[in-house]
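Colleague: Here you go, one structure.
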Amino acid sequence: MNLTLSETQTLVQKTARDFAERAIAPDASAIDREERFPKEQLKGLADLGLMAVNVPEELGGSGAGALSYALAMEEIAAACASTAVTMAVTNMVGEVIAHFGTKDQRERYCPKLASGEYLAGAFALSEPGAGSDPGSMLTTATSDGDGYVLRGAKQWITSGSYAGVFVVWARTGSRETHPGTRGVSCFLVEGGTPGLKVGKHEDKMGLRGSNTVPLEFDDVRLPKSALLGELNGGFKTAMMALDGGRIGISAQALGVARSSLEKSVQYARDRKQFGKAIGEFQGIQWKLADMSTKLDAGRLLCHRAASLKEANMPFSREASMSKLFCSEAAVEICNEAVQIHGGYGFTKEYAVERNLRDIRVTTIYEGTSEVQRMVIARSQLA
């Protein structure tokens with residue numbers, strides 16, 4: 001892995017950082033407090049080419065690669081995790097359509113996701129009773145000759161109230177002939193399709209500016225052209241998307257953790273107790289040293305996984321290692337940041353309070369820490 005960033009990667013990183021500091025960070029507290037979906041910020045990201053970083057240029061994307069995407073994601077997350085997760089899912093949707101879609105699907109949806117014509121894309125895999133175990137999903141897509149009829153429900157759908165297109169997984173094969181995940185297919189469903197019902201926004205602990213809703217599919221009729229990828233081959237599509245998505249969540253965790261570390265360093269310089277800055281006390285210094293070391297270690301894991309993906313090499317294990325370490329280390333870093341801030345860290349006046357709430361879910365979505373350990377262990381035992 002080359003640790004020196006290319007000209008393109010440096011430009012993407014600087015572009016994302018400048019926009020984050022200028023147009024996102026000043027509104028981050030209000031976005032959280034008001035549970036405001038960051039429409040203006042997302043449109044700005046689209047104008048900069050950051051909503052489809054790894055989508056080919058001929059489809060409207062930046063085509064800048066997986067590492068550029070990780071760099072951009074860290075910068076946006078350092079300013080506002082809610083904005084970052086919406087950006088992450090939309091990038092993931094555009095990339096999976098670009099990779100598995102037909103020519104018509106790619107040309108129809110990717111440019112709209114990249115340009116901001118679609119404010120967001122949504123990824124609908126989890127169900128009320130099927131999270132870590134997608135093989136137990138109950139949503140079905142039944143062939144009716146002219147197309148498919150989609151019935152069922154999905155849960156925890158990011159940007160579900162605003163998505164222009166949903167990538168939806170449903171069972172198309174019988175459990176007898178296609179048990180587990182072997183009978184699952186993937187479909188593209190446009191927002192506003194008759195029978196698609198968007199539920200109430202979840203009242204979440206963190207990421208409160210990110211829209212999260214349940215979905216219902218009440219006899220949603222889809223044409224044959226809505227099938228994404230191979231019939232009964234949807235699990236492969238999901239795993240490819242999740243592997244790449246785990247790099248994005250790693251970078252998101254790094255951004256939030258970096259924000260907490262930077263604010264802790266500044267606070268340790270400014271806050272005085274017993275006649276001197278608290279940064280002069282060994283107890284605080286050791287916290288900052290551990291936080292900084294974990295952050296750098298996580299960044300190396302994240303960039304390794306992104307570099308492997310960019311080189312078209314196997315990266316599933318490395319993505320899981322990165323997601324596991326970065327998310328858990330980021331939780332520890334954000335928790336220590338609150339501790340360093342003392343009572344002030346427990347108030348909404350300081351961003352470290354929001355960061356701690358926002359970071360907690362990174363050990364859960366895109367595959368829990370427990371699932372990542374399963375993936376890593378299986379790769380060792382294979």
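Colleague: Select, from MET205, MET240, the only residue that is modelled with pLDDT under 95 and outside the structural domain of ARG33 (by TED's automatic domain parsing).
Modeller: MET240
Colleague: Which one of LYS287, LYS294, LYS276 is exposed (fewer than 14 other Cβ atoms within 10 Å of the Cβ) and either in contact with a Lys or Arg (Cβ under 8 Å, 6 or more places away or on another chain) or of a type outside the set (Asp, Glu) (or both)?
Modeller: LYS276
Colleague: Now for a different question. Suppose the filter is among the aromatic types (Phe, Trp, Tyr), touching a residue at least 40 places away in the same chain (Cβ under 8 Å) and part of a strand (DSSP E or B); does PHE235 pass it?
Modeller: no
Colleague: What's the total number of residues in the range 119-150 that are under 18 Å from SER225 (Cβ atoms) and either among the hydroxyl-bearing types (Ser, Thr, Tyr) or part of a loop (DSSP other than H, G, I, E, B) (or both)?
Modeller: Within the range 119-150, residues that are under 18 Å from SER225 (Cβ atoms) and either among the hydroxyl-bearing types (Ser, Thr, Tyr) or part of a loop (DSSP other than H, G, I, E, B) (or both) number 6.
Colleague: Among the candidates SER260, SER225, single out the residue that is in the same structural domain as ARG357 (by TED's automatic domain parsing) and either at pLDDT 95 or above or touching a Gly at 6+ places or on another chain (Cβ under 6 Å) (or both).
Modeller: After applying the criteria, what remains is SER260.
Colleague: Limited to the range 336-382, what total is found for residues that are of a type in the set (Val, Ile, Thr) and closer than 19 Å to LEU242 by Cβ?
Modeller: 8
Colleague: Can you confirm whether GLY283 is in contact with a helix residue (DSSP H, G or I) (Cβ under 6 Å, 6 or more places away or on another chain) and either farther than 19 Å from LEU71 by Cβ or not assigned by TED's automatic domain parsing to the domain that holds CYS80 (or both)?
Modeller: no
Colleague: Test of understanding: among GLU353, GLU366, which residue is buried (at least 18 other Cβ atoms within 10 Å of the Cβ), in contact with a Gly (Cβ under 8 Å, 6 or more places away or on another chain) and part of a loop (DSSP other than H, G, I, E, B)?
Modeller: One residue alone meets the criteria, GLU366.
The values are calculated or read from the model by the stated rules, or taken from the named source; none is laboratory data. Predicted model only: the values in this text are computed from it and were never measured. So basically every Cβ, Gly included, is an ideal-geometry build from the backbone, and we count neighbours across all protein chains shown.
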